[in-house]
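Structure first, commentary second.
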């Protein structure tokens with residue numbers, strides 16, 4: 001059956017409004033998106049566009065499909081004659097948010113160009129798009145946004161572009177909030193920068209209407225980035241598509257050729273490749289620690305171990321600063337290390353000294369090892385306290401030339417050999433009056449995400465047991481296995 005010109009126009013208009021793959025490949029001429037895997041992504045996004053955090057491998061079409069294609073489709077559907085509501089709303093307003101405003105404007109610029117010069121869209125949607133928008137549209141710029149033909153007159157443009165960390169709008173409320181590239185390499189360089197981005201995202205949530213729809217699209221740069229916070233809070237559902245079928249470098253590529261993927265792995269290095277293409281900043285086996293290496297104890301009696309205190313101080317007491325860690329480590333006759341007690345807190349100089357004396361009195365260690373640079377700042381105050389309290393002990397300086405990450409990696413064989421025992425639980429109350437299990441904190445915030453943990457203070461302190469000048473301080477209390485056999489471990493030691 002041959003369609004009339006009018007019927008063909010109606011069919012094309014309908015397909016452009018309702019078939020995302022058709023809109024992108026035919027309406028926008030994106031022939032580079034003609035691929036079975038990308039067709040599946042279009043179908044997936046079209047069926048469930050809202051409430052998801054789409055984490056896709058870099059250069060795998062997420063911005064083209066979600067931020068460009070789906071936004072254009074929703075505008076064409078919800079405006080003009082016989083509108084199709086997006087959610088409950090017709091004539092939607094869209095806010096595009098990226099880490100910085102120039103980045104968000106790049107997405108708006110793509111939409112603006114299509115609405116200005118795409119002949120197919122202009123011909124099929126004269127009730128929505130301006131023939132001469134620069135002259136006829138009420139607003140048509142990257143700074144102020146763009147407004148298509150509409151009956152309503154909200155203060156928001158049809159599409160606006162804003163940055164999260166460099167000036168959000170005020171008194172704006174969008175029907176659709178599209179977040180793309182909220183996380184970039186520039187805002188994961190420190191815990192403070194990550195926190196700043198996360199707080200900016202939190203503030204931006206006030207810019208949606210009461211029934212606003214939310215979409216997130218991005219790529220991972222850091223284990224503790226803002227995307228992790230969004231998922232931890234269940235603010236969006238993860239929809240993750242790495243560059244291979246199983247998320248490993250050895251898996252079959254979903255879009256790129258094997259040669260192209262191997263070249264990216266070679267050129268980008270293991271960490272960047274794992275984060276950007278596999279969407280897992282800790283995906284490489286040789287990067288860190290494995291959970292199956294962990295062993296635990298629930299013993300209360302460590303009188304038959306050699307005990308030492310390791311101190312790694314942080315000299316600032318700020319919310320985003322590192323933590324002071326004081327760790328009591330026991331060495332058994334079995335040559336295993338037992339974490340007996342620990343403090344991880346933000347402490348002032350006076351509080352650090354008081355805590356060190358408290359731990360020393362409680363555990364009677366054979367020695368105290370103090371990180372070199374922190375010791376230089378703290379030692380005078382500690383010696384004054386020794387004199388005033390008439391309580392003296394030797395403090396040995398811990399240092400070395402190894403970089404922190406390399407020093408921490410020296411713990412890998414000890415954990416792999418099951419020679420480091422953690423307490424089943426170790427509850428402590430910190431300076432914020434929050435009680436937390438330091439064993440769980442260590443595992444989830446430092447051990448598992450290493451080498452991209454937000455903080456690695458416990459690992460850094462524990463790694464001092466591998467320092468050459470520290471290991472010489474470990475006298476063996478027991479000379480043979482028979483002596484150690486007198487110590488009844490029972491069920492206290494468990495894998």
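The values are calculated or read from the model by the stated rules, or taken from the named source; none is laboratory data. None of these values were measured; they are calculated from a predicted model. Every residue, glycine as well, gets a Cβ built from its backbone with ideal geometry; the counts of neighbours run over all protein chains shown.
Miscellaneous remarks
- Some residue of segment 225-238 being over 18 Å from residue 52 (Cα atoms) and either in contact (Cβ under 8 Å) with a residue 40 or more places away in the chain or not assigned by TED's automatic domain parsing to the domain that holds residue 37 (or both): no
- Matching entry among 373, 421, 391, 487 (being out of contact with any strand residue (DSSP E or B) (no Cβ under 7 Å at 6 or more places or on another chain), surrounded by 12 or more Cβ atoms within 10 Å (Cβ to Cβ) and either within 23 Å of residue 192 (Cα to Cα) or at pLDDT 90 or above (or both)): 373
- Being crowded, with 22+ Cβ neighbours inside 10 Å, in contact with a strand residue (DSSP E or B) (Cβ under 6 Å, 6 or more places away or on another chain) and in the same structural domain as residue 111 (by TED's automatic domain parsing) holds for only one residue in 183, 188, and it is 183.
- Among residues of segment 376-388, those that are buried (at least 18 other Cβ atoms within 10 Å of the Cβ) and either free of Cβ contacts under 8 Å to residues at least 60 places away in the same chain or not assigned by TED's automatic domain parsing to the domain that holds residue 322 (or both), counted: 1
- Per the listing 114, 131, 91, the residue uniquely without any contact (Cβ under 8 Å) to a residue 40 or more places away in the chain, assigned by TED's automatic domain parsing to the domain that holds residue 174 and outside any strand (DSSP E or B) is 131.
- Matching option when the condition is at pLDDT below 90 and out of contact with any strand residue (DSSP E or B) (no Cβ under 7 Å at 6 or more places or on another chain), among 446, 432, 397: 432
- Residue satisfying all of: in segment 27-52; touching a residue at least 60 places away in the same chain (Cβ under 8 Å) and part of a helix (DSSP H, G or I); farthest from residue 253 (Cα to Cα) among these: 27
- Boolean, residue 107 is in contact with a helix residue (DSSP H, G or I) (Cβ under 7 Å, 6 or more places away or on another chain), crowded, with 24+ Cβ neighbours inside 10 Å and either part of a helix (DSSP H, G or I) or in contact (Cβ under 8 Å) with a residue 40 or more places away in the chain (or both): no
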